[in-house]
Amino acid sequence: MTARIWKSVLLAGLSAALGATGGYWLGHRQDMGGALGGTPAGPGHRPDERQVLYWYDPMYPQQRFDKPGKSPFMDMDLVPRYADAGEEESVVSIDPRATQNLGLRLARVTRGSFSSSLEAVGVLTLNERDIAVIQARSAGFVERVYARAPGDVLKAGAPLADLLVPEWAAAQEEFLALRRSGDAGLLAAARQRLRLAGMPAALIGRVERSGRPQPVLTISTPLGGVLQELNVRAGMAVAAGDTLARVNGLDRVWLAVAVPEGETGGIAVGLPAEARLSAFPGETLEGTVAAILPETDPNSRTLRVRVELPNPDGRLRPGMTAQVRLTRPGGQDALWVPSEAVIRTGRRALVMRAEEAGHYRPVEVRLGRESDGKTQVLQGLEEGQQVVASGQFLLDSEASLRGIVASAPDTPTSGPVSVLHEAEGRVVAIDEGDVTLAHGPFRTLGMPGMTMTFPVASAALLQDVQVGDKVRVAASQSDEGLRIERLEKIGDRP
């Protein structure tokens, strides 16, 4: 009796299990059938009729595919882009309550006077305009050399050597004889002869006061500075015109500043400069740009700018390095954003523009100068708009995953964003609203290189290019064909 009861219980349980499994399979079958376009699962259910424009890989959204499948770039399924996506798929949406957790911070696009400054490194050098070359005015012999050596810093009038000039002794004797005769005219002529022989006025005066010949001349430095050359030794003979010494003044020194060639715009002679030397912490030296040298260093791609600094106490010595700040004058009012808000990809610059709460749109911008944490915006933004200044890289990554491509500065941003296809070529002809290009292949379209005419999104794109220039273009595709959305000059006419 007990065995029969257990058998009945087991059969009842097995029947219930099979019924449940069959019901689950049947319901799942009906759901799958509805999803695949078969019999609807129940009343009111309609299959998904959204039209798919194309499929794309979120990690490479520029490439389009005409059917679903696996991505050739990553081991992942292609994602559809629907025709009715509209505006909502052109922006990144974030729950406003999560913005604080993500660290998002907004900044306003501001218009104002944009005075830019440039930080660079400079090296102190001697002022080559302040040089004294000491030469022998007559042939003679070196009787004495004072304890000097090249590199010594001397004061003005410091003695260098005593030079005996035998020719001067006879001329001075004649001068003294005429002085005793009392003939003023002959005395004046004799004094002029001494000057023409090369005697300094101080030596002639000493001869007159002492009444004795003074054939020994003490060579001294006419200015204070560093002794660079000393070419005399005791007992040596010198000829008229020989260089005896060379002294470089230190009252003003030069600061050779290496300025990157891309930052030379606005640099002009007379521009104020500030220098800070590690030898004098906390102290700022003020000078001016004295010259802009005409050649660029081909290795470092820098232009050398010469700044002149006062050095009244002689503390500044050649070879010292300094951090230099050049302040360029402010021009007209300009739009600017914090530099931290800009995303630089190499070929272009982007910002994440904040719209209504929790919505952010990637926008391509054209930038100008950068200074003091601010970057000038030439195209792409308007005054009063807000951009993401912190956390924008998270939003940019999300936009890339969703296949959202930033709009070009010259195209409106109110509609759906198109995929841009890039190529390079040369300008063959320019017409109002059109440009003819001999271009290379548009690889993302599978389009070979050829010569053809394209419409442009804005006539402003053609202002900076001429026939023959090499350019890089980005074009959008529509039912009417390709249209140039971005045009960048990358080479002049050959």
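Residue-level analysis places Val269 among those that are without any contact (Cβ under 8 Å) to a residue 60 or more places away in the chain, open to solvent by 60 Å² or more (accessible area, probe 1.4 Å) and either among the hydrophobic types (A, V, I, L, M, F, W, C) or closer than 23 Å to Gln228 by Cβ (or both). The set of residues in the stretch 371-394 being under 13 Å from Arg344 (Cα atoms) and open to solvent by 60 Å² or more (accessible area, probe 1.4 Å) consists of Phe393 alone.
Which one is nearest to Ala245 (Cα to Cα) among residues in the stretch 199-231 that are open to solvent by less than 30 Å² (accessible area, probe 1.4 Å) and part of a strand (DSSP E or B)? Top of the filtered list is Leu230. Restricted to the stretch 432-471, and to residues there that are over 32 Å from the mean Cα position of the chain (by Cα) and among the β-branched types (Val, Ile, Thr), the residue that is surrounded by the most Cβ atoms within 10 Å (Cβ to Cβ) is Thr436. Within the bounds of the stretch 160-180, is there any residue that is at pLDDT 85 or above, assigned to a loop (DSSP other than H, G, I, E, B) and open to solvent by less than 50 Å² (accessible area, probe 1.4 Å)? Yes, some residue in the stretch 160-180 is at pLDDT 85 or above, assigned to a loop (DSSP other than H, G, I, E, B) and open to solvent by less than 50 Å² (accessible area, probe 1.4 Å).
Please indicate, with yes or no, whether at least one residue in the stretch 417-425 is at pLDDT 75 or above, touching a strand residue (DSSP E or B) at 6+ places or on another chain (Cβ under 6 Å) and among the small types (Gly, Ala, Ser). Looking through the stretch 417-425, at least one residue is at pLDDT 75 or above, touching a strand residue (DSSP E or B) at 6+ places or on another chain (Cβ under 6 Å) and among the small types (Gly, Ala, Ser). Applying the criterion of being modelled with pLDDT under 90 and not in a strand (DSSP E or B) to the residues of the stretch 115-127, the residue that is farthest from Ala279 (Cα to Cα) is Ser115. For the stretch 178-195, the criterion of being within 17 Å of Gly241 (Cα to Cα) and free of Cβ contacts under 8 Å to residues at least 24 places away in the same chain is satisfied by at least one residue. Taken together, Leu104, Leu118 contain a single residue that is in contact with a helix residue (DSSP H, G or I) (Cβ under 9 Å, 6 or more places away or on another chain) and within 30 Å of Glu355 (Cα to Cα), which is Leu104.
Of everything in the stretch 243-273, what is of a type in the set (Val, Ile, Thr) and at pLDDT below 90? Give them in sequence order.
Scanning the stretch 243-273 gives Val259, Thr264, Ile267, Val269.
Of the residues making up the stretch 272-295, those that are crowded, with 17+ Cβ neighbours inside 10 Å and more than 22 Å from Glu261 (Cα to Cα) are Leu277, Leu285. Among the conditions (1) over 30 Å from Leu381 (Cα atoms); (2) in contact (Cβ under 8 Å) with a residue 24 or more places away in the chain; (3) assigned to a strand (DSSP E or B); (4) not β-branched (Val, Ile, Thr), Leu293 misses just one, which is (2). Looking only at residues in the stretch 478-494 that are open to solvent by 80 Å² or more (accessible area, probe 1.4 Å) and either more than 11 Å from Gly425 (Cα to Cα) or part of a loop (DSSP other than H, G, I, E, B) (or both), the one that is modelled with the highest pLDDT is Arg483.
If you check Leu326 against the conditions, is it open to solvent by less than 10 Å² (accessible area, probe 1.4 Å), in a loop (DSSP other than H, G, I, E, B) and at pLDDT 85 or above? It is false that Leu326 is open to solvent by less than 10 Å² (accessible area, probe 1.4 Å), in a loop (DSSP other than H, G, I, E, B) and at pLDDT 85 or above.
The residue that is farthest from Glu263 (Cα to Cα), counting only those in the stretch 333-358 that are assigned to a strand (DSSP E or B) and open to solvent by 40 Å² or more (accessible area, probe 1.4 Å), is Asp333.
Among residues of the stretch 310-323 being in contact (Cβ under 8 Å) with a residue 60 or more places away in the chain, in contact with a strand residue (DSSP E or B) (Cβ under 8 Å, 6 or more places away or on another chain) and under 16 Å from Arg252 (Cβ atoms), the one that is surrounded by the most Cβ atoms within 10 Å (Cβ to Cβ) is Ala322. The residues in the stretch 189-198 that are farther than 13 Å from Glu174 by Cβ and either outside any helix (DSSP H, G or I) or of a type in the set (Gly, Ala, Ser) (or both) can be counted, and the count is 1.
The values are calculated or read from the model by the stated rules, or taken from the named source; none is laboratory data. A quick note: this is a predicted structure, and the numbers were derived from the prediction, not measured. Note: ideal-geometry Cβ built from the backbone for every residue, glycine included; neighbour counts use all protein chains shown. Surface areas here come from the heavy atoms of the whole protein model, side chains and all, with no ligands, DNA or RNA. Shrake-Rupley method; radii C 1.70, N 1.55, O 1.52, S 1.80 Å.
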